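Colleague: Questions regarding the structure given below will be posed in turn.
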Amino acid sequence: MSDSDEGRTKSWTEDPYFTDALYALRDKREHGLRFLTIDLDAIGEVMSNGDGPAYRLLDAMVDIQETEGYHGKRGAPRVLLATLLRLAEISKTV
């Protein structure tokens, strides 16, 4: 999630990995989605990739900690939900 032009970490709010997933999740929930299922075998390989879901979530949480401080942190549940949807997509269950 690096922004090489400015030498800083891009905000999670500017990263389509999270924002597109949140839009998709909102749409799916409006159409009745209530559950996300994650296939642990399917996600096992990608979880340890350097640019995989775990590390993207970590980068986003660091951004949230740095920009939202201890007051609020409203981004934390959003990036978690976006990551869960991405894991369900990898699992091919949504």
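The values are calculated or read from the model by the stated rules, or taken from the named source; none is laboratory data. These numbers were taken from a predicted model, which means no experiment stands behind them. Backbone-built Cβ (ideal geometry, glycine too); neighbour counts: all protein chains shown.
Colleague: Pull up region 58-77, narrow it to residues that are of a type in the set (V, I, T) and touching a helix residue (DSSP H, G or I) at 6+ places or on another chain (Cβ under 9 Å), then point me to the one that is farthest from L22 (Cα to Cα). Before you say what the answer is, go through the steps one by one.
Modeller: Of all residues in region 58-77, those of a type in the set (V, I, T) come to 62, 64, 67.
Going one step further and asking which of them are touching a helix residue (DSSP H, G or I) at 6+ places or on another chain (Cβ under 9 Å), we end up with 64, 67.
On the way: I64: 16, T67: 20 Å.
For region 58-77, the residue satisfying everything is T67.
Colleague: Now a separate question. Do the conditions hold for E45, that is, is it surrounded by fewer than 13 Cβ atoms within 10 Å (Cβ to Cβ) and at pLDDT below 95?
Modeller: Numbers: surrounded by fewer than 13 Cβ atoms within 10 Å (Cβ to Cβ): yes; at pLDDT below 95: yes.
Against the criterion (surrounded by fewer than 13 Cβ atoms within 10 Å (Cβ to Cβ) and at pLDDT below 95), E45 qualifies.
Colleague: Of the numbered conditions (1) modelled with pLDDT under 90; (2) more than 17 Å from D20 (Cα to Cα), Y55 fails exactly one; give the number of that condition.
Modeller: Of the numbered conditions (1) modelled with pLDDT under 90; (2) more than 17 Å from D20 (Cα to Cα), the odd one out for Y55 is (1).
Colleague: For residues in region 56-94 being polar (S, T, N, Q) and under 16 Å from K28 (Cβ atoms), which is farthest from the chain's Cα centre (by Cα)? Before the answer, list the steps.
Modeller: Taking region 56-94 as the starting set, the residues that turn out to be polar (S, T, N, Q) are 65, 67, 83, 91, 93.
Now restrict to residues that are under 16 Å from K28 (Cβ atoms): 83, 91, 93.
Values: T83: 3, S91: 15, T93: 17 Å.
Selected residue: T93.
Colleague: Which condition from (1) under 10 Å from the mean Cα position of the chain (by Cα); (2) closer than 19 Å to K73 by Cβ is the one that P53 breaks?
Modeller: Here P53 meets the rest and fails (2).
Colleague: Let me ask something additional. For residues that are of a type outside the set (V, I, T) and surrounded by 11 or more Cβ atoms within 10 Å (Cβ to Cβ), scanning just region 27-39, find the one that is nearest to the chain's Cα centre (by Cα). Step through it out loud before you land on a result.
Modeller: Step one: filter region 27-39 for residues of a type outside the set (V, I, T), giving 27-36, 39.
If we keep only those that are surrounded by 11 or more Cβ atoms within 10 Å (Cβ to Cβ) too, we end up with 28-29, 33, 36, 39.
Details: K28: 16, R29: 17, L33: 18, L36: 14, D39: 17 Å.
So the residue we want is L36.
Colleague: Confirm whether L80 is surrounded by fewer than 17 Cβ atoms within 10 Å (Cβ to Cβ), within 15 Å of D20 (Cα to Cα) and without any contact (Cβ under 8 Å) to a residue 60 or more places away in the chain.
Modeller: Values: surrounded by fewer than 17 Cβ atoms within 10 Å (Cβ to Cβ): yes; within 15 Å of D20 (Cα to Cα): yes; without any contact (Cβ under 8 Å) to a residue 60 or more places away in the chain: yes.
Judged against the criteria, L80 is a match.
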